[in-house]
């Protein structure tokens, strides 16, 4: 057949739907399926949680009452005193001397008070999300001084109508603090509910730790976490969870730093502090943003265990945030900070007879949490960081040589700051170097081969915080659109291909409340009742649920696909399921056909799993109203066992193909 005849045949074949005879021209993606080149660590794909964007209080921590212990800078912030008539001194904020963890409480005086005369209303966190038919558990620390009183408890909808109520008659506590509790059901669903207490009777009494939780917490734990948000994390099957930050580890100053020991024990003994994001951004003021630590280090470790993730706690290294005060502890005075690190390892791993292992056991977890790694510092940089890091490393390794330490490479993936730290950390033989990149989608595409030339034998890499920015870093206009998510998918092929170097990776930030965010973009968005995963979430989930165990050499024309023809690819083997998994990002606006050759494989299952995440509109995003606008479509396809696998890659798509080997 001459060239003219071939052209005519091809046009005719296209017109009548037959495959044109262009087999020889179809590029081939070759996967050396029997020759694994590197192990993929179980920790490869994980999550990073920081209490930003109402991530904890008002987020995964399911408490509905804001400022439940009156410890905000303004003691009645979040509360409104309801009075039929003014009566000076009927509600007074008091302060317990000597109790530094939770000194404030309120005293109430009643004199022939009827329901509706005097009360308190709490606004919740941008309102309270209430569900019809669900049980709500109220509790309060109460001290009776004289007389007899009743508490009338009411849930109110946005219009002020009652959608759930009960009455609590506290027992006479004879001047001693005790906990009182009662439960009731909601009669309607409401996203903007409030909670009101009316007081009735005569006498004087004190109240503290006024609390309201839904019954449907994660694993039904009293005082636990919001189940739908945690389920989104569990569905990702993450290999690790990094916590509690992020910049809150450093604090605005050292007094504001995260101190894990103050987050243990009974809730009423945990010392609240201002959240450093409270005042960080003028464009998103958050004067009512605090950390109550109902979600503390015990709960973080428990969460990691629940979702099958390795815990990665990050501790302060004696440096406050360098963007704020840049306050440091003199090196000669680092001992308490180092002791915190050593004690944390004992808290996580020590037996029940050790000081901190005993505390863990008393909190309900006698078995160790099997901590294997820890971060020293968050996004710290400069000689002052290296100097302190060396002291930490020496002390921790001397007592716990098997604990892997994660070290900061600063705020950026290039430049003088990064180059200095990268050189210093490698000269220290750092276990793991934490690199962060908040960059444009174009940067992510151009850096898919970033780790191809990294030393295979040197320090390992943790891609600890990354997110493509649709506008610019710290812009209110950044959006979780498909263009950003697709660029991340392309970049992540490079992380996966280099799993011998890159052993951990996590998107950041994790959560954002629709009405309470300080930073965008974010992986998961929530309001008081709903939550959804962004296109970026689906990319992360497709990687973490298709992780595999070993990297396979995957090439086109003998070269790794790092942007040639706008394609980015990685191939891996999952020895646990005996499957080859191919991931391909097509960032062009045209469909592309590839043949996939599984080199060295004689037989494979003719039924393969194909998952495609795509959208024709690069600006497309998910919303509460259309949460699945950009979401994966999964199908089973039939392969011809006698031919190479034919794969059509849709425009602007991320494709995952799983083939079972026989």
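Bear in mind that the values in this text are calculations on the coordinates, not laboratory data. Not measured: the values here are computed from a predicted model. Every residue, glycine as well, gets a Cβ built from its backbone with ideal geometry; the counts of neighbours run over all protein chains shown.
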With a cut-off of 20 Å, note down the residues of region 145-163 whose backbone N falls inside the zone around a label point 7 Å from the Cα of residue 187 toward its beta carbon. 151-163
Could you please rank 194, 394, placing first whichever residue has the fewest other Cβ atoms within 10 Å of its Cβ? 394, 194
DSSP beta bridges in the chain [antiparallel fraction, %, rounded to 5]: 75
From the alpha carbon gyration tensor of region 593-647, can you work out the equivalent ellipsoid semi-axes (sqrt of 5 times each eigenvalue) and give them in Å, largest to smallest? 33, 12, 7
Degrees separating the helix 383-399 axis from the principal Cα axis of the chain, which is the longest one: 90
Angle check, please: helix 535-544 long axis (alpha carbons) against the longest principal axis of the chain (alpha carbons), in degrees 0 to 90, nearest 10. 70
Theoretical FRET efficiency, 1/(1+(r/R0)^6), r = Cβ-Cβ of residue 355 and residue 397, R0 22 Å, to 0.05: 0.55
Give the order of 658, 83 when sorted by the count of other beta carbons within 10 angstrom, beginning with the fewest. 83, 658
Rg/Rh (Cα only; Kirkwood hydrodynamic radius) as it applies to region 429-509: 1.00
Average the reciprocal distances over every distinct pair of alpha-carbons in region 523-637, invert the result, and give the Kirkwood radius in Å. 16.3
Once fully extended, how much extra length lies between residue 372 and residue 575, figured as 0.36 nm per residue of separation less the alpha-carbon to alpha-carbon distance? 70.7 nm
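Quick one: 338, 572, fewest Cβ neighbours within 10 Å first, how do they rank?
Ordered by Cβ neighbours within 10 Å, fewest first: 338, 572.
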No solvent, one uniform scatterer per C-alpha: report log10 I(q)/I(0) for region 472-550 via the Debye equation at q = 0.16, 0.19, 0.24, 0.26 1/Å, two decimals. -0.65, -0.86, -1.17, -1.29
Quote the convex hull volume per residue of region 47-117, based on C-alpha atoms, as a whole number of Å³. 134
Distance between modelled label sites at residue 92 and residue 475, nm, 7 Å Cα→Cβ extension: 5.5
Inter-label distance for residue 616 and residue 161, nm, one decimal - labels placed 7 Å from Cα along Cα-to-Cβ: 4.4
Considering Cα pairs under 8 angstrom that are at least six residues apart, work out the relative contact order of the chain and quote it in whole percent. 15
Taking a ≥ b ≥ c as the square roots of the eigenvalues of the Cα gyration tensor of region 196-337, is the shape rounded (a/c under 1.5), prolate (a/b larger than b/c) or oblate? oblate
Give the value in nm², to one decimal: projected area of the alpha carbon convex hull of region 175-241, averaged over all directions. 7.7
log10 I(q)/I(0) for region 79-214, Debye formula on C-alpha points only (no solvent), q = 0.10, 0.16, 0.18, 0.19 Å⁻¹, two decimals, reads -0.32, -0.84, -1.04, -1.14
